[in-house]
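Engineer: Quick one: this structure, given as structure tokens, is what I'll be asking you about.
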Amino acid sequence: MSPTLTLSIDAMGGDHGPSVVIPGLALAAAEMGPGVRFLVHGDEAKIAPELARHTALKALVEIRHTEKFVAMDEKPAQAMRRGKGSSVWNAVEAVKTGEAVAAVSAGNTGALMAISMLILRLAADINRPALTASWPTAGGITTVLDVGANVESDAEQLVEFAIMGAAFHHALHGGGRPTVGLLNVGSEEQKGHEEVREAHALLRATDFEFDYHGFVEGDDIAKGTVNVVVTDGFTGNILLKTAEGVVRFIANELRGALKSSPLNMMGALLATSGLKSLRTKLDPGAVNGAPLLGLNGIVIKSHGSADAKSYAAAVVVAADLARSDFLAQIDRSVKRLTAVLAQPTPAQAESV
């Protein structure tokens, strides 16, 4: 019998707090089956009434009471100063102490990142953390990173993102060796700034636990050309927000067009099945759950506006990563990168 998996939950994070978190845990527990329990951090007076509505979940939950929480609009520096003892702080600390194998929060992204880095620290030889996005594409799901943790990234950091993204994608989606592409303004060797070209050379020259495809362009993401797309956080965040805005625009325009006349409404009724399928594919909640990559532990960020079904998806991601060799795979590949970087360049070798 497999050992019990304990997940640490920030019940007060997000736009809705326990009213979404607890039903989300109930859905996740039903999907994952036996062998999972939850440490739920937050205000017991708000958690207990929600938990009372889910009888089957009660035996799996231990409430860790705290009235402190980090607001969604709180600045990371402020959250670090006054966050000790808050629901998100305690949720992450349970991973550090070994009480839980992963933490999940729908709270303030900047505060979660800052608190997680302070408590768990970066893994050995990792220079920067990264945020991922799971992108619905023609080929299924593509992992895109970094989407906001770092404004600038040098060549070594971009390669680290490739390593972490590939390990995450493989742990979550399985299959063979993931394919990785480096986002650029063109596929030609001479295109892009110096950091991108240097990262490209490193990825081509080193045998990691994934297959390096080369440069990819923006339209390759929706095509599903590769499993993992790597870029810096500045570009990635603009890319993500632009895509989200376009999806909302198309959805609103489509909704308006389908309601513009009785004939169109009749057509929409006939096309209900197809429209539902499209909505499901484009629904960000269906692929909710972004890990903060590069830490000494697993921390999952859920959408702040997640509903119960979407929150459950983030909890399942945490469990799947905890059951995989995700962190060990990253460690192996980063050590390989460190060894490559330690080798003298041809110019250095000639000068010896």
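Values in this text are rule-based calculations from the coordinates and carry no lab data. As the structure is a computational prediction, the values presented were derived from the model and not from experiment. Every residue, glycine as well, gets a Cβ built from its backbone with ideal geometry; the counts of neighbours run over all protein chains shown.
Engineer: Work out the length of the dipole vector of segment 131-286 about its Cα centre, built from +1 on the beta-carbon of each Lys and Arg and -1 on the beta-carbon of each Asp and Glu, and round it to the nearest 20 debye.
Structural biologist: Using Cβ point charges on Lys, Arg, Asp and Glu, segment 131-286 gives about 1260 debye.
Engineer: Would you mind getting me the FRET efficiency between residue 191 and residue 53? Use the beta-carbon distance for r and R0 = 41 Å, nearest 0.05.
Structural biologist: 0.15
Engineer: Same structure, new question: Only sites in a loop by DSSP and with at most 12 other Cβ atoms within 10 Å count here; which trypsin sites (Lys or Arg not before Pro) in segment 1-84 make the cut?
Structural biologist: 53
Engineer: Taking H placed 1.01 Å from N in the peptide plane, check which residues at least 5 places from residue 8 or on another chain put their amide H under 5 Å from its amide H.
Structural biologist: Hits under the 5 Å cutoff: 39, 101, 102, 103, 104.
Engineer: List the residues, sorted by chain then number, that are 5 or more residues from residue 137 or on another chain and whose placed amide H is less than 5 Å from its amide H.
Structural biologist: When sequence neighbours closer than 5 places are left aside, the close amide H contacts are 142.
Engineer: Can you put 41, 169 in order of Cβ neighbours within 10 angstrom, beginning with the fewest?
Structural biologist: In order of increasing Cβ crowding within 10 Å: 169, 41.
Engineer: So what is the relative contact order for the chain, in percent, with contacts set as C-alpha pairs under 8 Å and at least six apart?
Structural biologist: 22
Engineer: Still on this structure, please answer the following. Check which residues have an amide H placed less than 5 Å from residue 70's amide H, if you skip close sequence neighbours.
Structural biologist: Excluding prolines and chain starts, which carry no amide H, the hits are 87, 88.
Engineer: Most mobile of 298, 238, 119 per a Gaussian network model of the chain (Cα springs, under 10 Å)?
Structural biologist: 238
Engineer: Turning to a different aspect of this structure: Among the lysines, select those whose C-alpha is under 23 Å from the C-alpha of residue 301, and discard any that sit fewer than 8 residues away in the same chain.
Structural biologist: 46, 68, 75, 84, 96, 241, 281, 309
Engineer: Can I ask one more? Of 20, 202, 169, which is farthest along the charge dipole of the chain in the positive direction, counting Lys and Arg as +1 and Asp and Glu as -1 at C-beta?
Structural biologist: Of 20, 202, 169, it is 20.
Engineer: Averaged across orientations, what area in nm² does the convex hull of the alpha carbons in segment 12-137 project?
Structural biologist: It is 9.3 nm².
Engineer: Let me have the 222 nm mean residue ellipticity of the chain computed from DSSP H runs of 4+ only, each contributing -39500 (n - 2.57), with the sum over all residues rounded to the nearest 500.
Structural biologist: -16000 deg cm²/dmol
Engineer: How about segment 168-236: which trypsin sites (Lys or Arg not before Pro) there are in a DSSP loop, with at most 15 other Cβ atoms within 10 Å of their Cβ?
Structural biologist: 191
Engineer: Under the Karplus relation 6.51 cos²θ - 1.76 cosθ + 1.60, θ = phi - 60°, what is the ordered set of whole-Hz ³J(HN,Hα) values for segment 292-309, x standing for Gly and Pro?
Structural biologist: 8, 6, x, 8, 7, x, 9, 10, 10, 9, 8, 4, x, 9, 4, 8, 4, 5
Engineer: Follow-up question, since we're still on this one. Just to check I understand the Karplus step: with θ = phi - 60° and J = 6.51 cos²θ - 1.76 cosθ + 1.60, what whole-Hz values come out for segment 318-335, glycine and proline as x?
Structural biologist: So the Karplus estimates, Gly and Pro as x, are 4, 5, 4, 5, 5, 7, 9, 9, 3, 5, 5, 5, 4, 4, 4, 6, 5, 5 Hz.
Engineer: Using the Karplus curve 6.51 cos²θ - 1.76 cosθ + 1.60 with θ = phi - 60°, work out ³J(HN,Hα) for each residue of segment 194-206 in order, rounded to whole Hz, and write x for Gly and Pro.
Structural biologist: 4, 4, 5, 5, 5, 4, 4, 5, 5, 5, 6, 8, 10
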